[in-house]
Amino acid sequence: MSGRPDRNEMLLEAALALSSELSLDAVLQRLVELAAAATSARYGALGVLGAEGRIVEFVTTGLTQEQRDTIGALPVGHGVLGVLIEEPRVLRLADVSKHPHSIGFPPNHPPMKSFLGAPVKAKGQVFGNLYLTEKQGAQEFDEEDEKALIALAAQAGVAVENARLHEELRRLAILDDRERIAKELHDGAIQSLFAVGMGLEVTAQLSGDPNVQTRLQGASEEVDRVIRDLRNYIFGLRPGILADRQLDQALRHLVTDFEGKTGIIIAVEIDGEVAAELASRAGEVIQLAREALSNVGRHAEATTCRLSLIRTTDRALLEVDDDGRGFDTTAQNGPGQGLRNLRDRAASLGGELSIQSAPGEGTTVRVSIPI
């Protein structure tokens, strides 16, 4: 009985500590550490569940980074861990290896015997599960440990939701700033540049000197180029292109916008099912397509172009090809930065970039993206 006030005090401190954390990552790490401390567990872990009910993140305490690296791949939710996923309720075991669903531990895993687990719920849904092993000072976890973990898991659910809301508010604040900057650029800088360009064109028409006309027309074209660059920058700033559209619609909107700016006629072929499967990575796919089209507008001197998004076995294929002047892909002085940007964006999606081109034969850019 003498330990109970200390434990209650610890749980009170835990509630205060969790409520003060605003970063979700910090909340999860703190939660695991507090759970292990409150129950005298040598090891603790929190398995965060994904949409398909499998562990997608595994936060631990008691293990060094070297031990984690040696163990290898993180668990996904098989064995006893899977029992908690299938039946989200407290599970207390004197010897985890004797449970009928136990599948043992991987090589280099430290020995673990006593076990205590409980679900963490946020907004009534199971967010993840707390796992504690190796009770220190006793052979197994007791009923008091179980009560402490239940209380902590209840506090954790509130803390997780609080951190989620804070991150959402921070994200919305950033988006508001981006929208404001984009609007100021569009309504201010672009309109002013447009007026300057119109003035240069009128002055060129009024001038009787061919040399002056040529220089003024060149300056007007440079202003148009700056306007196009600013519009592309605004497009990147504004998440609105995806706010109320699916990826399919967003790509078509991008194509329409590009046609209006460049006069290049573009054919579009988009598999709606593939676009839907890439919805979670829509922003990256849009940026890839925008970069590829930008290269066409800047370098290709094309009259027509095609953008397609189709399926090939278990991958999506984003393809942009044009009928422009093409280039020698082996030449060291060929288009550089644009292709490097494409390669980097493809790599960030886990995809592969290939480019087919030759002088006078147009260019085809293909990005293969795993689904």
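The values are calculated or read from the model by the stated rules, or taken from the named source; none is laboratory data. Small disclaimer: the values here were computed from a predicted structure and weren't measured. Don't worry about glycine lacking a Cβ; one is built from the backbone with ideal geometry, like all the others, and counts go over all protein chains shown.
Name every residue in segment 115-152 that is free of Cβ contacts under 8 Å to residues at least 40 places away in the same chain and either in a strand (DSSP E or B) or buried (at least 22 other Cβ atoms within 10 Å of the Cβ) (or both), in order of residue number. PHE115, GLY117, ALA118, PRO119, LYS121, GLN125, listed by residue number. Restricting attention to segment 135-176 and to residues that are touching a helix residue (DSSP H, G or I) at 6+ places or on another chain (Cβ under 6 Å) and of a type in the set (Gly, Ala, Ser), the residue that is modelled with the highest pLDDT turns out to be ALA148. When restricted to residues that are in contact with a Gly (Cβ under 8 Å, 6 or more places away or on another chain), within 14 Å of ASN129 (Cα to Cα) and buried (at least 21 other Cβ atoms within 10 Å of the Cβ), segment 29-48 contains 6.
When ALA346, ALA316, ALA289 are screened for being under 23 Å from the mean Cα position of the chain (by Cα), assigned to a helix (DSSP H, G or I), under 17 Å from VAL365 (Cβ atoms) and at pLDDT 90 or above, only ALA289 passes.
A search for C-beta distances below 9 Å between a residue of segment 245-265 that is free of Cβ contacts under 8 Å to residues at least 40 places away in the same chain and any residue that is surrounded by fewer than 20 Cβ atoms within 10 Å (Cβ to Cβ) and of a type in the set (Phe, Trp, Tyr), counting only pairs 6+ apart in sequence or on different chains, returns LEU254/PHE235; ASP257/PHE235.
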